[in-house]
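Encoded as structure tokens, the structure appears first; notes follow it.
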Amino acid sequence: MSSITRWDPFHNVSSLQEQVNRLFESSFPGRSDNSALTTWAPAVDIYETENELVLKADLPDINEKDLDVRVENNMLTIRGERKFEEKVKEDNYLRIERTYGSFSRSFSLPNTVNAETIKAEYKNGVLTVELPKRAESKPKQVKINVTNGHN
């Protein structure tokens, strides 16, 4: 007498994932769980108002002097570094999930941005870059008087 076994397509997925992880760990012996100490890219929001583009980047625990914001050839580049705290020995950490090290993000700017009047502010771990639009690129409103047509 044979028994009926329910087929589970995901039964071996976890063991397959473990095998793939072991394969990559053996192929790249320098990499370990400390790979988070290498590079990262901060999260960014960009939105547009009538008069400007605004970029906000999450940069917690970064010293203002470790930030570099510049515009060259219509490209906005934000560079910086989040340094690993040396007050606590790395061996004392039970888990390291935050990413440390240098980062660089670049954004192509539209021709409507006036690069001469860009402002940046770093407050509470958030970098806000205001990119004003050129006067000629702002929408123009013209008031038109409508008459009845009957004299």
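Tabulated values for the structure
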| read-out | value |
| --- | --- |
| Which listed pairs, of K56/K83; K56/K143; K123/K143; K56/K87, have C-alpha distances above 32 Å, in listed order | K56/K143; K123/K143 |
| Extension gain (nm, one decimal) between N145 and E72, 0.36 nm per residue minus Cα-Cα | 21.8 nm |
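Bear in mind that the values in this text are calculations on the coordinates, not laboratory data. From a predicted model like this one, the values you see are computed outputs, not experimental measurements.
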